[in-house]
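Some notes on the structure that comes next.
The values are calculated or read from the model by the stated rules, or taken from the named source; none is laboratory data. All figures in this text were calculated on a predicted structure; none of them were measured in a lab. Cβ placement follows ideal geometry from the backbone for every residue including glycine, while neighbour counts extend to all protein chains displayed.
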Amino acid sequence: MVKSGTASKRFILALDQGTTSSRAILFDHDSNLACVSQRELRQIYPRSGWVEHDPEEIWQSQLLTAREVLDQAGVSAKEIAAIGITNQRETSIVWERTTGRPIHNAIVWQCRRTADFCDELKEEGFDRKILRKTGLVTDAYFSGTKVRWLLDHIPEARARARDGDLLFGTVDSWLIYRLTGGSVHATDFSNASRTLLFNIHRKRWDQEILDRFEIPKIMLPKVLPSSGVFGEASPEWLGTAIPIAGNAGDQQAALYGQACFDVGMVKNTYGTGCFLLLNTGERAVSSRNGLLTTIGWGIRPSDRRKSPGREAASGGSDDPAEVITYALEGSVFIAGAAIQWLRDGLKIIEQASQSETLATSVKDSGGVYFVPAFVGLGAPYWDMQARGTLIGITRGTERAHIVRAALESMAFQTRDVAEAMQRDAGTRMRELRVDGGAVVNNFLCQFQADILGVPVLRPSITETTALGAAYLAGLAVGFWKDQKEISSHWRLGRKFEPHLRPVVREAAYAEWKRAVERSLRWKT
Ligand code: ADP
């Protein structure tokens with residue numbers, strides 16, 4: 001028989017529910033990745049600009065990956081100390097309290113269907129209030145307006161929500177609800193901070209915003225610490241009851257997984273776009289440069305070793321003992337997607353990895369700059385009329401120069417956001433921890449270090465999102481002792497030191513800014 005003590009608990013199971021796939025990953029005590037299972041998720045586009053997911057498919061695909069990863073690794077569920085959840089953020093689901101049946105598909109973060117309501121809020125000046133209270137800009141991207149849309153468009157939904165028959169949740173809440181057999185309706189501070197409904201300073205749902213959106217408070221999940229036991233996954237799913245003990249939105253989980261625990265630490269994730277997050281500690285820094293103020297995580301240190309289920313019964317968000325770590329967040333819309341465009345649109349490379357060989361086959365970009373403003377530019381420019389620009393082309397320009405300029409654009413855009421962050425926070429970045437699909441590219445990492453003038457650190461495990469969820473869960477159940485121990489597990493894969501002379505670096509950056517200037521306000 002398997003012992004019930006912690007010695008027999010060899011793994012943490014991370015559930016990483018992303019936009020395009022659900023993944024389950026096992027991490028061992030030394031933070032090594034033991035096994036991964038992944039399933040694609042169907043994207044539903046009912047109309048132009050609308051994006052949905054089937055909530056049942058989200059749940060089923062996530063459950064299947066969890067079962068598969070245990071099977072593949074030959075690990076019994078009894079060996080799992082806890083489950084940690086990380087998720088695509090902002091995606092919104094409303095379901096029936098008694099049956100658990102969703103009343104509609106999930107409205108995905110990318111969906112623009114509520115853009116008109118956001119414009120209305122801006123015309124009223126309500127967006128300023130939202131910014132002050134939630135740290136977010138008023139945009140269809142966040143959950144609140146999506147929930148309102150569901151209550152407006154599904155017959156009887158608002159009345160049923162008022163009666164307490166309907167529940168709202170982001171994807172983490174949905175998974176927790178299903179995993180616990182419908183007994184826990186909860187989310188964590190990081191996910192709550194992306195709803196547009198949560199006052200990040202007072203750490204509670206904001207009644208004034210709820211009133212304006214006509215969303216009954218009774219349908220909202222309880223907000224619990226990101227590291228703490230939310231409830232137990234029912235034995236019917238994996239064969240034994242397992243505590244769900246960690247939860248954070250994907251970008252915040254990556255910040256945690258990179259062990260960016262101290263004020264001033266920054267990580268950048270290079271995927272389709274780039275997400276740069278700076279830990280600002282217990283201070284919520286408001287941005288003057290178009291960045292978002294968000295909650296990194298909320299942890300109640302004194303709770304780390306208490307028994308499962310206590311938070312589900314506690315008062316949750318109003319507890320003053322919660323320690324909130326805030327973050328500044330800046331996003332770049334197009335990063336790795338520029339490389340996809342070279343491959344699938346322009347067809348000048350066959351696979352993404354070829355970009356590195358080509359970029360290093362020339363000594364520089366030959367004066368070519370590529371501003372990939374395919375859908376406008378995000379922070380710090382916020383120009384939706386900007387469009388992609390390739391400039392500096394001469395008769396001598398070759399394919400390699402263009403490919404190199406595309407890779408360089410990821411680093412230049414990251415510097416743009418980093419500059420804005422440093423201005424907002426009043427600190428200087430000392431190093432940058434990187435992750436995401438594109439950081440396998442050594443040229444990119446080296447050029448990033450060169451153009452920022454600080455070292456770029458690539459960890460040996462770049463699955464930092466799932467790792468962050470695992471850490472939050474492991475910390476709550478005593479699998480890892482404290483953040484100090486976790487920090488000691490962060491292992492450097494490779495360090496890229498800046499080599500460019502400052503004068504050369506600044507000249508290149510100034511040219512990039514000139515190229516950006518040419519791309520702005522293009523579409524009339
Ligand atoms: P997401 O989570 O946003 O789907 P991933 O983290 O999986 O993204 O990263 C995929 C992105 O990384 C793609 O946009 C791809 O073009 C880019 N990418 C993958 N490999 C490389 C490479 N060797 N060099 C540059 N970019 C790459």
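Could you list, in sequence order, the residues of region 263-288 that are out of contact with any Gly (no Cβ under 9 Å at 6 or more places or on another chain) and surrounded by 24 or more Cβ atoms within 10 Å (Cβ to Cβ)?
If the condition is that a residue be out of contact with any Gly (no Cβ under 9 Å at 6 or more places or on another chain) and surrounded by 24 or more Cβ atoms within 10 Å (Cβ to Cβ), then Val266 is the only one that fits.
If you go through region 213-236 one residue at a time, do you hit one that is in contact (Cβ under 8 Å) with a residue 40 or more places away in the chain, assigned to a loop (DSSP other than H, G, I, E, B), within 28 Å of Gly336 (Cβ to Cβ) and away from the ligand (no atom under 16 Å from the Cβ)?
yes
Pick out the one residue from Asp383, Asp364 that is at pLDDT below 95 and closer than 25 Å to Arg518 by Cβ.
Asp383
Of all the residues that make up region 222-250, how many are within 30 Å of Glu431 (Cβ to Cβ) and surrounded by fewer than 24 Cβ atoms within 10 Å (Cβ to Cβ)?
Total meeting the criteria: 0.
Anything in region 433-451 that is over 10 Å from Glu497 (Cα atoms), away from the ligand (no atom under 12 Å from the Cβ) and outside any strand (DSSP E or B)? List them, or say none.
Residue satisfying the conditions is Ile451 alone.
Within region 459-487, how many residues turn out to be of a type in the set (Lys, Arg) and either out of contact with any Leu (no Cβ under 9 Å at 6 or more places or on another chain) or surrounded by 19 or more Cβ atoms within 10 Å (Cβ to Cβ) (or both)?
Total meeting the criteria: 1.
Are any residues in region 9-53 in contact with a Gly (Cβ under 6 Å, 6 or more places away or on another chain) and of a type in the set (Val, Ile, Thr), and if so, which ones?
Ile12
List the residue pairs whose Cβ atoms are under 6 Å apart, where the first residue sits in region 123-139 and is under 14 Å from Phe198 (Cβ atoms), the second is modelled with pLDDT under 95 and of a type in the set (Phe, Trp, Tyr), and the two are 6 or more positions apart or on different chains.
Hits for this filter: Leu136/Phe142.
How many residues does region 237-270 contain that are within 19 Å of Thr19 (Cα to Cα) and part of a strand (DSSP E or B)?
Of the residues in that region, 6 qualify.
What are the pairs, 6+ residues apart or on separate chains, where a residue within region 257-268 that is without any contact (Cβ under 8 Å) to a residue 24 or more places away in the chain has its Cβ under 8 Å from a residue that is buried (at least 24 other Cβ atoms within 10 Å of the Cβ)?
That search, which allows pairs on different chains as well, returns nothing.
Which condition from (1) modelled with pLDDT of 95 or more; (2) part of a loop (DSSP other than H, G, I, E, B) is the one that Trp174 breaks?
The failed condition is (2).
Please determine, by comparing only the residues of region 6-29 that are under 17 Å from the mean Cα position of the chain (by Cα) and surrounded by fewer than 24 Cβ atoms within 10 Å (Cβ to Cβ), which one is nearest to Ile486 (Cα to Cα).
So, considering only residues that are under 17 Å from the mean Cα position of the chain (by Cα) and surrounded by fewer than 24 Cβ atoms within 10 Å (Cβ to Cβ), the one nearest to Ile486 (Cα to Cα) is Arg23.
What are the pairs, 6+ residues apart or on separate chains, where a residue within region 45-67 that is under 30 Å from Gly239 (Cβ atoms) has its Cβ under 8 Å from a residue that is in a helix (DSSP H, G or I) and among the hydroxyl-bearing types (Ser, Thr, Tyr)?
Close Cβ pairs (under 8 Å, with a partner that is in a helix (DSSP H, G or I) and among the hydroxyl-bearing types (Ser, Thr, Tyr)) do not exist here.
When the residues of region 41-94 are narrowed to those that are among the small types (Gly, Ala, Ser) and closer than 12 Å to Gln17 by Cβ, which ends up surrounded by the fewest Cβ atoms within 10 Å (Cβ to Cβ)?
Of everything passing the filter in region 41-94, Ser61 is surrounded by the fewest Cβ atoms within 10 Å (Cβ to Cβ).
Cβ-Cβ under 7 Å, sequence separation 6+ or interchain: first residue in region 323-347 and closer than 15 Å to Gly378 by Cα and assigned to a strand (DSSP E or B), partner of a type outside the set (A, V, I, L, M, F, W, C) and more than 15 Å from the ligand (Cβ to nearest atom). Which pairs?
Cβ pairs passing all conditions: Leu328/Thr280; Leu328/Ser287; Leu328/Thr293; Leu328/Asp424; Glu329/Thr294.
Among (1) surrounded by fewer than 21 Cβ atoms within 10 Å (Cβ to Cβ); (2) away from the ligand (no atom under 16 Å from the Cβ), which single condition is Cys260 missing?
Only one criterion in (1) surrounded by fewer than 21 Cβ atoms within 10 Å (Cβ to Cβ); (2) away from the ligand (no atom under 16 Å from the Cβ) is unmet by Cys260, namely (1).
Being outside any helix (DSSP H, G or I), closer than 30 Å to Thr280 by Cα, away from the ligand (no atom under 12 Å from the Cβ) and within 21 Å of the chain's Cα centre (by Cα), is that true of even one residue in region 420-428?
No, there is no match, as no residue in region 420-428 is outside any helix (DSSP H, G or I), closer than 30 Å to Thr280 by Cα, away from the ligand (no atom under 12 Å from the Cβ) and within 21 Å of the chain's Cα centre (by Cα).
Any chance region 375-397 includes a residue that's in a helix (DSSP H, G or I) and under 19 Å from Arg343 (Cβ atoms)?
Within region 375-397, none of the residues are in a helix (DSSP H, G or I) and under 19 Å from Arg343 (Cβ atoms).
Among the residues of region 374-387, write down those that are touching a strand residue (DSSP E or B) at 6+ places or on another chain (Cβ under 7 Å), at negative phi and crowded, with 18+ Cβ neighbours inside 10 Å.
Within region 374-387, Leu377, Gly378, Ala379, Ala386 meet the criteria.
Kindly list, by first and then second residue, each pair from a residue in region 427-453 that is under 14 Å from Arg415 (Cα atoms) to a residue that is within 16 Å of the ligand (Cβ to nearest atom) and of a type in the set (Phe, Trp, Tyr), limited to pairs with Cβ atoms under 8 Å and residues at least 6 apart or on different chains.
Val434/Tyr270; Leu444/Tyr270; Cys445/Phe496; Gln446/Phe496; Gln448/Phe496; Ala449/Phe496; Ile451/Phe412
Quick test for you: out of Gln354, Gln340, pick the one residue that is within 13 Å of the ligand (Cβ to nearest atom), closer than 19 Å to Thr272 by Cβ, at pLDDT 95 or above and over 17 Å from the mean Cα position of the chain (by Cα).
Result of the check over Gln354, Gln340: Gln354.
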